[in-house]
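S.K.: Submitted below is the structure of interest, expressed as structure tokens.
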Amino acid sequence: MLYTIAKNIVAIILFPLYRIKIIGKENIPSTGSVLICSNHISNLDPPVVGITSSRDIHFMAKGELFENFLFGKLLTGINAFPVKRGLADRNALRRGLEILKNGNAVGLFPEGTRSKTGEIGEPLAGAGFFALRSEAQVIPCAIIGPYKKFQRLTVIYGKPMDMEYYRTNKKSAKEVADAIMIEIKKIKENHENQVSLLDK
């Protein structure tokens, strides 16, 4: 209930503020476990992915945010769960796998931190770990835009990636994370090229 209320309130604010456009929303499976992996350019990325996705999403959030009791309860109520940054947090990994095992959606930012330039950065192995250790469908997502008031922000969801290839060929978690980021970069570059052609 809290998640739905928060999602509706945030949507009312952010959709007109950033003129958000969604592309490929139909690529998100309506049922079953889903791992949505997006580039990371702003602190607003989690709520933007949350309001543009057709699924309720569970996001990792840095553990420090849960230290305040009331704020921690709020975060838990909107499907966030804590992770200790800079460490191999086994509790967070187990929690994420449990959420996926139960047929839910988890949202990740493979880079682990925001890109200051807006360019696609180097991913950590976490996204690959979840992709390999679960049966989740992996959806690459690209957030494109300057996060400036009343300028277009575009969120594009790509088609599910074929994880069976990576499992069969025993690819490492880092190799899979790299592959996911490559797909996100392709989505971003394809969109930017199309916009550039329209401007000519």
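S.K.: Which condition does ASN190 not pass, out of (1) open to solvent by 50 Å² or more (accessible area, probe 1.4 Å); (2) within 26 Å of GLU98 (Cβ to Cβ); (3) of a type outside the set (A, V, I, L, M, F, W, C), if it passes all the others?
M.R.: All conditions pass for ASN190, except number (2).
S.K.: All but one of (1) part of a loop (DSSP other than H, G, I, E, B); (2) out of contact with any Gly (no Cβ under 8 Å at 6 or more places or on another chain); (3) open to solvent by 50 Å² or more (accessible area, probe 1.4 Å) hold for TYR147; state the number of the condition that does not hold.
M.R.: It fails just one condition, (3).
S.K.: How many residues does region 140-185 contain that are at pLDDT 95 or above and within 20 Å of SER53 (Cα to Cα)?
M.R.: Total satisfying the criteria: 21.
S.K.: Go through ILE36, ILE41 for me and flag whichever is of a type in the set (A, V, I, L, M), assigned to a strand (DSSP E or B), within 14 Å of the chain's Cα centre (by Cα) and under 16 Å from ILE184 (Cα atoms).
M.R.: Working: ILE41 fails: assigned to a strand (DSSP E or B).
Within the list ILE36, ILE41, the selection yields ILE36.
S.K.: So is TYR166 hydroxyl-bearing (Ser, Thr, Tyr), surrounded by 13 or more Cβ atoms within 10 Å (Cβ to Cβ) and assigned to a loop (DSSP other than H, G, I, E, B) or not? It would help to see each step written out before you state the result.
M.R.: Details: hydroxyl-bearing (Ser, Thr, Tyr): yes; surrounded by 13 or more Cβ atoms within 10 Å (Cβ to Cβ): yes; assigned to a loop (DSSP other than H, G, I, E, B): no.
When the stated conditions are applied, TYR166 does not pass them.
S.K.: Given the options ILE120, ILE156, name the one that is in contact (Cβ under 8 Å) with a residue 60 or more places away in the chain, among the hydrophobic types (A, V, I, L, M, F, W, C) and outside any strand (DSSP E or B). Outline the logic, then answer.
M.R.: Details: ILE156 fails: outside any strand (DSSP E or B).
Only one candidate passes the filter, namely ILE120.
S.K.: Determine if region 49-59 includes at least one residue that is at positive phi and at pLDDT 95 or above.
M.R.: no
S.K.: Might you check whether a residue that is outside any strand (DSSP E or B), open to solvent by less than 40 Å² (accessible area, probe 1.4 Å) and over 23 Å from LEU97 (Cβ atoms) occurs anywhere in region 61-77?
M.R.: no
S.K.: If you check THR117 against the conditions, is it over 23 Å from GLU64 (Cβ atoms) and either surrounded by 19 or more Cβ atoms within 10 Å (Cβ to Cβ) or not aromatic (Phe, Trp, Tyr) (or both)?
M.R.: Values: over 23 Å from GLU64 (Cβ atoms): yes; either surrounded by 19 or more Cβ atoms within 10 Å (Cβ to Cβ) or not aromatic (Phe, Trp, Tyr) (or both): yes.
Yes.
For every residue, the table says whether it meets (1) at positive phi; (2) more than 17 Å from the chain's Cα centre (by Cα); (3) of a type in the set (Asp, Glu).
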position	(1), (2), (3)
TYR3	no, no, no
TYR18	no, yes, no
GLU26	no, no, yes
PRO47	no, no, no
GLU98	no, yes, yes
ASN104	no, no, no
LYS116	no, yes, no
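S.K.: Follow-up. Which residues, taken from region 78-104, are open to solvent by 60 Å² or more (accessible area, probe 1.4 Å) and either basic (Lys, Arg) or at pLDDT below 90 (or both)?
M.R.: Across region 78-104, the qualifying residues are LYS84, ARG85, GLY86, LEU87, ALA88, ARG90, ARG94, ARG95, LYS101.
S.K.: A further question follows. Which residue is farthest from ILE23 (Cα to Cα), if the candidates are limited to region 169-184 and must be surrounded by fewer than 16 Cβ atoms within 10 Å (Cβ to Cβ) and either touching an Asp or Glu at 6+ places or on another chain (Cβ under 7 Å) or touching a residue at least 12 places away in the same chain (Cβ under 8 Å) (or both)?
M.R.: Filtering region 169-184 for residues surrounded by fewer than 16 Cβ atoms within 10 Å (Cβ to Cβ) gives 169-170, 172, 175, 182.
When the remaining residues are screened for being either touching an Asp or Glu at 6+ places or on another chain (Cβ under 7 Å) or touching a residue at least 12 places away in the same chain (Cβ under 8 Å) (or both), the result is 172, 175.
On the way: SER172: 30, GLU175: 27 Å.
Top of the filtered list is SER172.
The values are calculated or read from the model by the stated rules, or taken from the named source; none is laboratory data. Given the structure is predicted, the values throughout are model-derived calculations rather than measurements. Here the Cβ is made from the backbone with ideal geometry for all residues, glycine too, and neighbour counts use every protein chain on show. Ligands, DNA and RNA are stripped out before the accessible areas are found, and what is left, the full protein with its side chains, is counted by its heavy atoms. Shrake-Rupley method; radii C 1.70, N 1.55, O 1.52, S 1.80 Å.
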